[in-house]
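Let me begin by presenting the structure, written as structure tokens, before commenting on it.
The values are calculated or read from the model by the stated rules, or taken from the named source; none is laboratory data. Everything numeric here is computed off the predicted structure, so don't read it as measured data. So basically every Cβ, Gly included, is an ideal-geometry build from the backbone, and we count neighbours across all protein chains shown. Just the protein is used for accessible areas: all its heavy atoms, side chains included, with ligands, DNA and RNA removed. Shrake-Rupley method; radii C 1.70, N 1.55, O 1.52, S 1.80 Å.
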Amino acid sequence: MERAEVYSRLADVFRDVFDREVSLADATTAADVPGWDSLNHITLIGTIEDEFDVKFPMKDVVGMKNVGELVDKIIELSA
Amino acid sequence: MVFTTPEFIVFFAAVFVAYWALPSRGRWGLLLAASWLFYAWASPYYLIFLGVTTGATYLAAVGMDTKRLSRKWGGVGAAVVTIGMLVVFKYLEFLFANVNWLMGAVGVHASLPAVKLLLPIGLSFYVFQSLGYCIDVQREIVSAERNFFKHALFVSYFPQILQGPIGDYGRLAPQLFEAKTFNYEQAVFGIQRVAWGFFKKVMVANIIADRINPVWSAVGDYPGLICWSAILVLYAIQLYADFSGYMDIACGCSQMLGVRLDENFQCPYFAKSVADFWRRWHITLGAWFKNYVFYPLLRGGLLTKLRKRLKGRRKLANVVPTVLALFVVWFLIGLWHGADWSYVAYGLFHGAFIILAVALAPVTDRFHARCPALVNSRGYAVFQMARTFAIVTMGYAIFKPADLATTGEILRQMFSAVDGGGVYQIQYTLHHSFIKVFAWIAFMFAVDAVHYTKPNGTIRAWLRRWPVAARWAVYVAGLWLMVFYGEYGSGFEQFEYFKF
């Protein structure tokens with residue numbers, strides 16, 4: 001899967017979860033997205049898993065630092 | 001051994017000198033011996049619990065890492081031993097009493113004995129720290145430490161064993177064992193932090209405690225809303241000064257040894273919501289529950305199935321599983337504090353406000369979008385802080401008495417007419433020590449306000465730029481004030497969170 005495609009589908013997921021358009025880049029972190037806090041993190045991860053049909057190990061759920069790492073992981077798991 | 005006692009000062013001075021005098025490779029061994037001595041000081045009997053926790057988590061972590069144990073059973077084994085020990089020594093009496101009550105309610109006579117076992121000090125803290133490490137090994141976030149004694153130091157490191165901060169293995173362990181050279185600036189920063197912790201304890205927490213402690217054994221003598229507002233606000237400040245003062249001493253001592261501990265406080269009474277409060281108060285406990293209870297619950301089969309079942313109704317699918325997981329987490333956070341329904345009520349009291357905020361998020365988001373000027377104004381921020389402080393302070397009416405009947409009596413007194421000798425007594429006490437009580441509180445919060453508004457700049461760095469003579473004048477004046485005006489010694493050795 002191409003990164004551009006992952007980003008496009010991720011933008012839909014973020015819009016669904018946070019109810020607003022979110023501009024995403026590799027360096028985007030939770031601090032840059034209003035509403036992306038510990039309460040919403042698992043909802044977001046679960047929705048991404050459903051969208052891409054992948055399952056993140058807990059190590060990545062708690063360890064991913066930014067959207068770039070998230071995209072890398074999605075590509076790795078869906079390969 | 002308690003931080004604010006002469007024996008600790010002697011003990012720490014000896015450890016500090018020996019630590020930096022030793023070559024790097026011997027230092028962690030010294031820290032381990034010092035940590036065991038520190039912990040055994042109150043009672044050598046406590047070492048048994050520390051030993052069982054250390055042994056069980058060592059075997060489980062190494063077993064999982066070497067694949068001799070499956071990750072599932074390694075985690076289960078560590079949890080059964082450590083949480084089992086906590087249940088037996090902290091919750092057994094509570095558990096038996098509730099089983100007896102429950103059986104009675106369904107008409108079955110049960111008389112499980114009222115076993116009151118001695119709770120080893122710090123058990124709730126080091127059990128959580130070492131269990132968190134095992135879960136991190138299980139999740140393959142860290143590798144298990146193969147050297148038993150190094151593992152033992154991670155579990156028992158003396159600055160944090162009695163009251164936390166609950167350490168994260170990935171951040172703490174490398175610092176304990178790496179080669180370090182003495183850093184004068186870090187040592188000075190550490191001493192300053194220790195002094196600030198002593199200030200909070202002897203000039204704020206103890207002074208307030210001395211004035212309001214009589215209230216808790218005679219709550220019926222203090223009627224009136226104003227009276228109870230004053231008492232609960234003073235207790236809120238006392239608890240903060242006590243617990244964060246202890247953390248300052250712990251973090252400062254550790255910094256002097258070249259080891260940075262995780263921060264447990266970040267200006268909590270400047271929080272703008274209850275959720276924000278818990279990101280600033282006892283941070284490491286909140287982080288522990290988030291990583292090891294809240295996330296696994298939400299990712300567990302039950303709540304994942306529920307979220308998928310609600311998929312057609314997106315907002316419900318987002319909110320309902322989160323609310324259910326929050327309920328469990330706040331029930332457990334309450335219970336962590338103590339074996340009494342009052343602590344559960346305290347946890348659920350905070351949880352209710354957090355759940356309410358999650359449920360009302362669509363409404364508040366719309367309000368924030370429509371009124372950006374108001375929402376971003378300083379006045380609105382002050383309103384949010386005052387509202388959060390009022391909620392947190394009300395919570396102490398449940399937390400401090402640790403008995404729901406007394407909480408009920410406090411609420412009754414709050415809304416009854418002012419007529420009682422106790423009110424005049426507390427007015428008289430506060431009036432005659434107004435400067436002593438309020439000047440130091442104001443000073444403590446002024447420092448917090450600086451940290452809140454300038455989180456990246458520190459007062460210590462600012463102080464460092466002062467001329468040497470001026471700096472030493474501040475140190476000597478501070479020491480003089482604490483020695484002559486502070487309250488310490490017999491009756492003031494304990495810290496509020498020791499009982500947890």
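What to note about this one:
- Checking every one of the GluC sites (Glu not before Pro) in the range B:129-237 against DSSP loop status and a limit of 16 other Cβ atoms within 10 Å picks out B:140, B:178.
- Gyration tensor analysis over the Cα atoms of the range A:1-75 returns equivalent ellipsoid semi-axes of 16, 15, 12 Å (largest first, whole Å).
- Two tests apply to each whole DSSP H helix in chain B, Cα reach of 30 Å or more along its axis and mean Kyte-Doolittle hydropathy of at least -0.5, and the ones passing both are B:225-256, B:314-337, B:378-399.
- Residue A:72 versus residue B:5: modelled label distance in nm, points set 7 Å from Cα along the beta carbon direction: 5.0 nm
- Using the 1.4 Å probe convention, the accessible area of the protein assembly as shown works out to 47 Å² per residue with neighbouring protein chains retained.
- Electrostatic dipole magnitude of the protein assembly as shown [Cβ: Lys, Arg +1; Asp, Glu -1; Cα centre; debye, to 20]: 480 debye
- Of B:123, B:404, the residue with the largest accessible area leads and the full order is B:404, B:123 (1.4 Å probe).
- Within chain A, longest stretch clear of exposed GluC sites (Glu not before Pro) (DSSP loop, no more than 13 other Cβ within 10 Å): A:22-79
- Shape of the range B:209-277, Cα gyration tensor, a/c cut at 1.5: oblate
- Placing pseudo-labels 7 Å out from each Cα toward the beta carbon at residue B:87 and residue A:54 gives an inter-label distance of 3.8 nm.
- Residue (of B:64, B:176, B:92) at the positive-pole extreme of the range B:6-181, dipole from beta-carbon charges: B:64
- Contact order, relative form, for chain B: 18 percent (alpha carbon pairs under 8 Å, 6 or more residues apart, mean separation divided by residue count).
- Probe 1.4 Å - accessible area at residue A:41, Å² to nearest ten: 30 Å²
- Averaging Cα coordinates gives a centre for the range B:364-385 and one for the range B:1-46; these two points are 50 Å apart.
- Contact order for the range B:6-181, expressed relative to its length and based on alpha carbon pairs under 8 Å spaced 6+ residues apart, stands at 30 percent.
- Classification of the protein assembly as shown by its C-alpha gyration tensor yields a rounded form. The axis ratio a/c (a ≥ b ≥ c) stays under 1.5.
- Residue A:1 accessible area, assembled protein chains, probe 1.4 Å, Å²: 90 Å²
- Prolate/oblate/rounded label for the range B:6-181 (Cα gyration tensor, a/c 1.5): oblate
- Rounded accessible area of residue B:32 (nearest 10 Å², 1.4 Å probe): 10 Å²
- Dipole check for the range B:186-494: with +1 at the C-beta of Lys and Arg, -1 at the C-beta of Asp and Glu, and the Cα centre as origin, the magnitude is about 1960 Debye.
- Accessible area that becomes buried as A packs against B, both chains, 1.4 Å probe, Å², nearest 100: 1800 Å²
- Ordered from highest to lowest accessible area with the whole protein assembly present and a 1.4 Å probe, B:108, A:17 read as B:108, A:17.
- Residues of the range B:131-165 buried by at least 30 Å² on assembly (accessible area, 1.4 Å probe, chain alone as reference): B:139, B:141
- Calculated P(r) of chain B - Cα pairs past 29 Å, %: 57 percent
- For the set B:280, B:25, solvent exposure ranked by accessible area (probe 1.4 Å, protein chains only) runs largest to smallest as B:25, B:280.
- Projecting label points 7 angstrom from Cα along Cα→Cβ for residue B:42 and residue B:449 puts them 3.7 nm apart.
- Accessible area of chain B belonging to carbon and sulfur atoms, whole % at 1.4 Å probe: 68 percent
- Estimated FRET transfer efficiency (residue B:116, residue B:409; beta-carbon r; R0 25 Å; 0.05): 0.50
- Net charge contributed by nearby residues that have their C-beta within less than 12 Å of residue A:57 (K/R +1, D/E -1): +2
- On a per residue basis, the convex hull of the C-alpha atoms belonging to the range B:137-215 measures out at 142 Å³.
- Potential lengthening of the chain between residue B:434 and residue B:376 amounts to 17.3 nm, from the contour at 0.36 nm per residue minus the alpha-carbon distance.
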